[in-house]
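Only one structure is covered here, and it is reproduced in the block below.
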Amino acid sequence: MDISELGDKILNGDRRALARAITLVESKRADHRGQATALIEYLSRAGRQALRIGLSGTPGVGKSTFIESFGMVLVKQGLRVAVLAVDPSSARSGGSILGDKTRMERLSRERNAFIRPSPSQTHLGGVARRTREAVALCEAAGFDVVLIETVGVGQSETVVAEMSDLFLLLIAPAGGDELQGVKRGIMEMADLILVNKADGDLKPAATRTCADYAGALRLLRKRPQDPQGYPKAMMVSALVEDGLEAAWDEILTLANWRKENGHWQSNRATQARYWFDQEVRQALLARLNSSGARAEMERFGEDVAHGRLSPAAAAEQMLNRLSDV
Ligand code: GDP
């Protein structure tokens, strides 16, 4: 495959080329991996950046409804919007979030929107790399906003937060004990908490929930990357499309403030370091799990068990071998 040809098509906004490239970064084949790395490297020279927005919430909170209406708000403003998903549970269920495109019927018909469902993956590390590279591809293809959706099941939020400029948490209106339902760590990650379904009969409950979260956010440690009054809780209705422009305004205010104060850039730099670190760790682990390395481990293990080598000496020899297996 001609990497620069594919890369140039992506830079020209060719959607089919983009889809092909995402398939390439999703591939587990070693030769594809090499091509994917070369492609990402080629595209990064263009230096394009989108606003990367992570979005999380438990199933049923209204994520896909929100992405559809919010995406339409952005598209109507002339922005190009890509939607990606991180779904660590899809390996188990066999399905995937965003898999059912009819959930975003209007947005998927828009020329300036690109929706990519999450394929099945076995482990979060693989999901993370695939999504991160898909984000980079969408940026290169000229999208202004990349929305990265994840289900609120724990670890995947961290992965998404590590590749986002801003993180949104969607919450549903609830009784009185709803705060306990959201892990503190996830709340701390959020830049904006959106209490969805603030419409009809649910409006009073949404108002209470929003006040509860606003109170809880005030108790959190003030973050240096935030201006006064952030993180913030606000009400939206994805269904009747209320509060979505206001949410976008908040996002822009926060993003611009961070850009002007250098936090945007330093966040991306920290993320790049983090992903470099992850790549090295995962590559080392993959090597350690290769059949050659496993055989060596077994052999050294025997030596250690029989007292022929100390654990430390065996480990040192094993690590030296690792580059050869
Ligand atoms: P997801 O699982 O988080 O993607 O949630 P969905 O977007 O599939 O929505 C789950 C249910 O909540 C659907 O029946 C939606 O119609 C409903 N829903 C989503 N957003 C709203 C909203 O703003 N107001 C109301 N009343 N219902 C909503």
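Assorted remarks:
- When region 263-284 is filtered for residues that are farther than 13 Å from Pro227 by Cβ, surrounded by 11 or more Cβ atoms within 10 Å (Cβ to Cβ) and more than 17 Å from the chain's Cα centre (by Cα), the ones remaining, listed by number, are Gln265, Ser266, Arg281, Gln282, Leu284.
- Look at region 155-173: where a residue is charged (D, E, K, R) and a partner is assigned to a strand (DSSP E or B), sitting 6+ places away or on another chain with Cβ atoms under 8 Å, you get Glu157/Gly54; Glu157/Ser56; Glu157/Thr150; Glu157/Phe167; Asp165/Leu51; Asp165/Arg52; Asp165/Ile53.
- Selected residue (only one of Leu194, Leu217 is within 24 Å of Arg52 (Cα to Cα) and assigned to a helix (DSSP H, G or I)): Leu217
- Qualifying residue in region 170-184 (condition: over 20 Å from Pro59 (Cα atoms), more than 12 Å from the ligand (Cβ to nearest atom) and surrounded by fewer than 21 Cβ atoms within 10 Å (Cβ to Cβ)): no
- Exclusive hit being modelled with pLDDT of 95 or more and over 20 Å from the mean Cα position of the chain (by Cα), set Leu43, Leu11, Leu18, Leu51: Leu11
- Here Glu5 qualifies as at pLDDT 95 or above and among the charged types (D, E, K, R).
- Considering residues of region 129-146 that are among the hydrophobic types (A, V, I, L, M, F, W, C) and in a helix (DSSP H, G or I) only, the residue farthest from Gly54 (Cα to Cα): Ala140
- Of the residues making up region 23-50, those that are touching a residue at least 24 places away in the same chain (Cβ under 8 Å), assigned to a helix (DSSP H, G or I) and surrounded by 14 or more Cβ atoms within 10 Å (Cβ to Cβ) are Val25, Glu26, Gln35, Ala36, Ala38, Leu39, Ile40, Tyr42, Leu43.
- Look at (1) part of a loop (DSSP other than H, G, I, E, B); (2) buried (at least 22 other Cβ atoms within 10 Å of the Cβ) and you find that Ile10 fails only one, number (1).
- Identity of the residue in region 51-63, within 8 Å of the ligand (Cβ to nearest atom) and buried (at least 19 other Cβ atoms within 10 Å of the Cβ), that ends up farthest from Gln155 (Cα to Cα): Gly62
- Glu149 vs. criteria at pLDDT below 90 and not hydrophobic (A, V, I, L, M, F, W, C): no
- Of the numbered criteria (1) within 30 Å of Lys203 (Cα to Cα); (2) part of a loop (DSSP other than H, G, I, E, B), the one Asp324 fails is (1).
- Of all residues in region 208-257 being touching a residue at least 60 places away in the same chain (Cβ under 8 Å), over 18 Å from Gly57 (Cα atoms) and aliphatic (A, V, I, L, M), the one that is nearest to the ligand (Cβ to nearest atom): Leu254
The values are calculated or read from the model by the stated rules, or taken from the named source; none is laboratory data. None of these values were measured; they are calculated from a predicted model. Every residue, glycine as well, gets a Cβ built from its backbone with ideal geometry; the counts of neighbours run over all protein chains shown.
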